Every structure is written in structure tokens, then in C-alpha cells.
1. Which pairs do you get when a residue that is in contact (Cβ under 8 Å) with a residue 60 or more places away in the chain and within 12 Å of Leu120 (Cβ to Cβ), found in region 43-69, comes within reach of a residue that is among the hydroxyl-bearing types (Ser, Thr, Tyr) and buried (at least 21 other Cβ atoms within 10 Å of the Cβ), reach meaning Cβ atoms under 8 angstrom, with the pair 6+ apart or on two chains?
2. Based on what the data block shows, is Leu131 aliphatic (A, V, I, L, M) and either at pLDDT below 95 or loosely packed, with under 15 Cβ neighbours inside 10 Å (or both)?
3. Within region 85-102, identify whether any single residue is in a loop (DSSP other than H, G, I, E, B), surrounded by fewer than 17 Cβ atoms within 10 Å (Cβ to Cβ) and of a type outside the set (Asp, Glu), and answer yes or no.
4. Could you tell me how many of the residues in region 131-169 are hydrophobic (A, V, I, L, M, F, W, C), within 20 Å of Ser30 (Cβ to Cβ) and more than 17 Å from the chain's Cα centre (by Cα)?
5. Just to be sure, is Arg82 in contact with a helix residue (DSSP H, G or I) (Cβ under 8 Å, 6 or more places away or on another chain) and of a type in the set (D, E, K, R)?
6. Filter the strands (runs of 3 or more DSSP E) completely within region 1-76 down to those with at least 1 residues that are within 22 Å of Pro143 (Cα to Cα), in contact with a strand residue (DSSP E or B) (Cβ under 8 Å, 6 or more places away or on another chain) and modelled with pLDDT of 85 or more.
7. Any residue in region 84-95 that is among the polar types (S, T, N, Q) sitting within a Cβ distance under 7 Å of a residue that is surrounded by 13 or more Cβ atoms within 10 Å (Cβ to Cβ)? List the pairs, counting only those 6 or more apart or interchain.
8. Has region 138-151 got at least one residue that is part of a helix (DSSP H, G or I), in contact with a helix residue (DSSP H, G or I) (Cβ under 7 Å, 6 or more places away or on another chain), within 28 Å of Asn111 (Cβ to Cβ) and without any contact (Cβ under 8 Å) to a residue 40 or more places away in the chain?
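The values are calculated or read from the model by the stated rules, or taken from the named source; none is laboratory data. The structure presented is a predicted model; accordingly, all values stated were derived computationally and were not measured. Please note: Cβ atoms are built from the backbone with ideal geometry, for glycine as well, and neighbour counts cover all protein chains shown.
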Amino acid sequence: MSKNSVRIIGGRHRGRRLNFSDPKGEVRPSSDRLRETLFNWLQFELNGAQVLDAFAGTGVLGAEAVSRGAAHATFLDITPQRCQQLNAALTPVLGAQGTVICQDALVWLKNETPKHPFHLVFIDPPYHLGLQEKCCAALMNKPWLANNALIYVESDSKLAAPPVPAQWQLKKEKTMGQIRAQLYQLTA
């Protein structure tokens, strides 16, 4: 089983590594360059934020947000082995500022009752599953999003951009190779 790691690139945990194994090649962590762009977009929006990393994988997006000032990140992943890895990697870094939930993101959003709204949501599932549109819609079915919440959606740039709810306004967009990064804001 090969061990990999991804590095938190900014904030108080800068330089800390999150280890993960990926024997089937299913995890596609966001590159340092893409995360730098994303967190430049978010730099004034993170202080005290409640964050949802809906398809956590390595957990680096949520961990980066907490490192840069978010109050707490909730990490969802469907794979029990990855959830164990997330707990092992994130607990020493984030402590009580991170919660790992081992469940399908769409099922969780449908069945759970929001304890608090999220200020920032990361939607970065494996591209071939096409879950972006369903996840975006599920966020609107309950009060998951705070007023003016930000929603980051990553998708395959070779395909049409996934549709999002009409109440979401595109704030930023960038294409890096096969990756399309879009940042939306919930409008009233």
C-alpha cells in the first residue's frame, strides 16, 4: 500500500503534511497551485467560518480552510478506510476544529438536520461520478447554507460545467488543464 501526503500551504498549520494511502488511485488531491488560487479568492471570507468538505478525500481543502481561520470543518467521505485515515491525519492538526463523518455526502445532506449553516462548502467529488449537480441541489433542500455562503465546485473542464441552483452567483472561475474551479455565492 503506497503512502502519499499532501501539504497544507498556508495559515497557522502551514507545512504540515496529511498522509493518505491510495491503492486504487481514486484520490485526486487539489494541487498546491490550485489551492493557492482558491484560497487567494477566499482569504477575507474564512475568519470564523463553518466549512463543509463534502467529498473530503485527503481532507486538504477543509484543513487548509481551518489553518487559515475557519472555526470548524466537517469532512464527509464514503470510504471507511479513508475516514480512518482522515481521523488519523486531521486530529493531530485540527483537534476539535475538525469532524470526520463516514457517509455518502448526498445521503447525509438528505437525511441529517443542519445543526448550523455552512459559510463555505467544497464540492470536489471524483469527476467521473458526476455528483456535483446533485450535491449542489441537495444543499438547497434544507437550511445547509448561511446567508451569502460560498460554494466551491470543481469539475472536468472538458465537460459542460455542472448546473447550479439559480440563487448561486458565479464569483470566480479558473481552468487549469483538466480542472475547472468555480466559486459561487448564495444570493438572497
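1. Within 8 Å, the pairs are Leu61/Ser30; Leu61/Tyr152.
2. Against the criterion (aliphatic (A, V, I, L, M) and either at pLDDT below 95 or loosely packed, with under 15 Cβ neighbours inside 10 Å (or both)), Leu131 qualifies.
3. No, region 85-102 contains no residue that is in a loop (DSSP other than H, G, I, E, B), surrounded by fewer than 17 Cβ atoms within 10 Å (Cβ to Cβ) and of a type outside the set (Asp, Glu).
4. So the count comes out to 2.
5. When the stated conditions are applied, Arg82 does not pass them.
6. In region 1-76, 50-53 are the strands (runs of 3 or more DSSP E) which contain 1 or more residues that are within 22 Å of Pro143 (Cα to Cα), in contact with a strand residue (DSSP E or B) (Cβ under 8 Å, 6 or more places away or on another chain) and modelled with pLDDT of 85 or more.
7. Gln85/Phe20; Gln85/Ser21; Asn87/Val100
8. Within region 138-151, one or more residues are part of a helix (DSSP H, G or I), in contact with a helix residue (DSSP H, G or I) (Cβ under 7 Å, 6 or more places away or on another chain), within 28 Å of Asn111 (Cβ to Cβ) and without any contact (Cβ under 8 Å) to a residue 40 or more places away in the chain.
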